[in-house]
Amino acid sequence: MKKSLLWSLALAFVLFLSACSGSDEASGEGGSDDSGEDGDQVTLRMTWWGSQSRHDQTQEIIKKFEEENPDIKIDAEFTGFDGYFEKMAAQAAGNNLPDIMQQNFGEYLNQYADKGLLADLTEYVESGQINVEGVSDTVMESGKKEGKLLGIPTGTNALTAFYNTDMLEEAGAEIPDENWTWDDYVATARKVHEETGEFGARLMEPKNLFEYYLREKGYKLFNEDGTDLGYNDDQLLADYFTLNKQLVDDGVAPGYDTIQQIKGVEDELIVHGKAPFDFRWSNQATALTSAAGDRNLEMTLLPGANNTEGMYLKPAMLWSVSENSEHKEEAVRFIDFFTNNIEVYKIGGSDRGVPIKEDIRNQMADDLSETDKKVFDYIELVTENSSPIDSNFPPESSEVLAALEEVDELVMYGELSPEEGAAQFREKATSILTR
Amino acid sequence: MEPLKPARRKVKKDNRNTTGYLFISPFLLGFFTLTIFPILYSLYLSFTDYDLMGTPSWIGLDNYVRMFTDDPTFWKSMKVTFFYAGIAVPIRLVFALLVAMALNKIVEMVGLYRTLLYLPSVVGGSIAVSIMWRQLFGNDGAVNSILGALGLPTHSWLGDPDTAIWTLIVLYGWQFGSSMLIFLAGLRNIPKTYYEASSVDGAGPVKQFFIITIPLLTPVILFNTIMQVIQGFMAFTPSFVVTNGGPVNSTLLYVLYMYQRAFEYFDMGYASAMAWVMLVIIAIFTALIFKSSPHWVHYESDTK
């Protein structure tokens, strides 16, 4: 009797422990074994970040895919961008990454590549399981890291200057074209502010725009091997800060107290006719225009005399397959579907960038929405006026960029001078990168 | 002869204890796998460089050294947290006590009032309340609308580094419900006869408060203080949701910075080290409060 009790206790322990470790492994296989095996159906986990409209579109795309591939079921997990990579980091730590993952170019891709968490898709492209015929090499290159193809771009993207023609015309200001300079930008912004009393520009957010600013001046944010900053003269950053600070001080651009109230594209100043300029990614055109209603938004290259040097094409996002996926073949089938099926783009438009395949673009040309047409034309313009993207982002770059944002805030709040801010950023960045 | 004795004892022991252990095994399992193991593992991680995805590599005390010598943000978050806890905790306790005393006087519909006042704490740590707070104190939020309507100057509460932390302090103070209920229970336990006797002797309400209510309530005050100090140091949701640490890190609470290190900068080893530093700080504060308690806490059963 006592013995049996002891045994059952021991057994309970063992069962419990094995259940714990067992569940770790099972979920490492993408949670597919427990639910997906009935009727030979495979269940894939898939994650992405985005706005509500993207969530709706993506689920529609998934439904289409499941109709054509009845042997595959996709479990979707999605959030906004905030929190997405935190969640993924926790899943990676648990060896529990989804089968299909929306991945971001730059520091994130490099981080995952560094840890060997993403599957090399080269063989699937070579065998034709992912059909990328007619995709330009530079676009494919952006998914590569150290010779491995770690992601298929979902579409092409570029930084763009959105502007509100109505507001500019009302103020009698010059409508910018792709040859405008920083001085033009400042002059136009000031003019709009003086004439209309509204803001003349949105405060530039340093994360992408300082990098562009550097590129336009012929520098990079990081050096070749990502061990230090890519520029030596702190005056560059000080100038960038001064440019913005003066606009803020003169009331032409809003300070962070206003910017911080903006919690989504729908709240942006340009959407409400409160600022004529907004520099951001081109794939946000749809979200921005639909929120702006009948305000007339156009897009052009960012300002700068050498903006051809500064501009670059970027994969809007990448589709990656995790190395721990048990169902890589099936995951690849979805990526192929996403890349090649015209239905995907009829549903999603240019929300994940302009399609990477030429024949898809051609097929779509006839019945594009007005906004999508603008985006397609814009990407065409950038293609002819841009330089290759910098892919030398070190894994620590998200921290470096956070430091840049912090210093930028301090400068805009007037707690640091532009020069002090520039020096402090270098100090922080160096300390992070040499750690 | 020799082996017989221990064997007998063993059987006897097993007989009683095994059943006991079996009954508490669900707790034990949870305790060891979900509490003890993670605690020890985080202690181990605090001595490693661990980016969540790779394998932890041992770096000894480096994380601690870096924290104290080479991380201004760490000190900033420490400062913010001490300021926050140091002001918000007393505010909440005083508020809770005052409301509890008011409720103690109310005779009719006391249940309704209690529920209404407890509500903010039920939804307390929740995201929803924090989001509401963000709206209330936003530039176009309710607070500014009311100020504007009254002809008072409006203010960018969350955008100004000087006022943002105060909105969080007010939020903390407002969620006084659970302390209030505990105070209320304490107040109910004070025999009415004490007040009656003292009023016969001519003591007014203020005097009664200081010579009867407060002394008899000190055990409850001690309990509430310790619980709230711990909660104050560990606050996360408000700064995460309402301000996300900004502007210029003026609301970067310690735990939020720890979260950022762990999940935004993939610096889990460092974050674990931070967790242990916080553990030590909370332990010190709790110990200090306990140590001081003989001087100001009175138990009725004490024979002096």
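For B:ALA235, the conditions (1) more than 14 Å from chain A (Cβ to nearest Cβ); (2) at pLDDT below 90; (3) in a loop (DSSP other than H, G, I, E, B) are fulfilled apart from (2).
When B:THR55 is tested against (1) part of a helix (DSSP H, G or I); (2) exposed (fewer than 13 other Cβ atoms within 10 Å of the Cβ), only condition (1) is not met. Hey, among the residues in the range A:262-281 that are out of contact with any strand residue (DSSP E or B) (no Cβ under 8 Å at 6 or more places or on another chain) and more than 14 Å from A:HIS193 (Cβ to Cβ), which one's surrounded by the most Cβ atoms within 10 Å (Cβ to Cβ)? Restricting to residues being out of contact with any strand residue (DSSP E or B) (no Cβ under 8 Å at 6 or more places or on another chain) and more than 14 Å from A:HIS193 (Cβ to Cβ), the top hit is A:VAL271. Count of the range B:87-111 residues, restricted to those that are out of contact with any helix residue (DSSP H, G or I) (no Cβ under 7 Å at 6 or more places or on another chain) and either open to solvent by less than 50 Å² (accessible area, probe 1.4 Å) or hydrophobic (A, V, I, L, M, F, W, C) (or both), is 6.
When the range B:1-60 is examined, which residues are found to be at pLDDT 80 or above and among the polar types (S, T, N, Q)? First the steps, then the outcome.
Residues of the range B:1-60 that are at pLDDT 80 or above, as a first pass: B:17-52, B:55-60.
B:ASN17, B:THR18, B:THR19, B:SER25, B:THR33, B:THR35, B:SER42, B:SER46, B:THR48, B:THR55, B:SER57 - these are the residues of the range B:1-60 that are at pLDDT 80 or above and among the polar types (S, T, N, Q).
The residues listed here are A:SER350, A:SER397; of these, the one that is at pLDDT below 90, within 14 Å of chain B (Cβ to nearest Cβ) and open to solvent by less than 10 Å² (accessible area, probe 1.4 Å) is A:SER397. Within the range A:227-242, being part of a helix (DSSP H, G or I) and modelled with pLDDT under 95 holds for no residue.
Suppose the filter is within 22 Å of A:GLU415 (Cβ to Cβ) and of a type in the set (D, E, K, R); does A:ASP233 pass it? Considered against the rule, which asks whether it is within 22 Å of A:GLU415 (Cβ to Cβ) and of a type in the set (D, E, K, R), A:ASP233 comes out as no.
Within the range B:35-50, if we keep just the residues that are outside any helix (DSSP H, G or I) and open to solvent by 30 Å² or more (accessible area, probe 1.4 Å), the residue that is nearest to the other protein chains (Cβ to nearest Cβ) turns out to be B:ASP49. The residue pairs whose first member lies in the range A:79-95 and is within 8 Å of chain B (Cβ to nearest Cβ), whose second member is open to solvent by 30 Å² or more (accessible area, probe 1.4 Å) and among the aliphatic types (A, V, I, L, M), and whose beta carbons are closer than 9 Å, counting only pairs six or more residues apart or on different chains, are A:ALA89/B:MET268; A:ALA93/B:MET268.
Quickly run through the range A:233-261 and pick out the residues that are within 12 Å of chain B (Cβ to nearest Cβ) and open to solvent by 30 Å² or more (accessible area, probe 1.4 Å). Those that are within 12 Å of chain B (Cβ to nearest Cβ) and open to solvent by 30 Å² or more (accessible area, probe 1.4 Å): A:ASP257, A:THR258, A:GLN260, A:GLN261.
Output the residues belonging to the range A:415-435 that are open to solvent by 50 Å² or more (accessible area, probe 1.4 Å) and within 12 Å of chain B (Cβ to nearest Cβ). Hits for the range A:415-435 are A:GLU415, A:GLN424, A:GLU427, A:THR434, A:ARG435.
All of A:ILE74, A:ILE130 fail the test of being in contact with a strand residue (DSSP E or B) (Cβ under 7 Å, 6 or more places away or on another chain), assigned to a loop (DSSP other than H, G, I, E, B), more than 14 Å from chain B (Cβ to nearest Cβ) and surrounded by 22 or more Cβ atoms within 10 Å (Cβ to Cβ), apart from A:ILE130.
In the range A:103-121, the residues that are farther than 13 Å from A:LEU149 by Cα and without any contact (Cβ under 8 Å) to a residue 60 or more places away in the chain reach residues that are charged (D, E, K, R) and surrounded by 20 or more Cβ atoms within 10 Å (Cβ to Cβ) with C-beta atoms within less than 9 angstrom, at least six apart or across chains, in these pairs: A:LYS115/B:ASP51.
The values are calculated or read from the model by the stated rules, or taken from the named source; none is laboratory data. No experiment lies behind these values; they were computed from the predicted model shown. Glycine gets a Cβ as well: all are built from the backbone with ideal geometry, and neighbour counts include every protein chain shown. Side chains included, ligands, DNA and RNA excluded: accessible areas come from the protein's heavy atoms. Shrake-Rupley method; radii C 1.70, N 1.55, O 1.52, S 1.80 Å.
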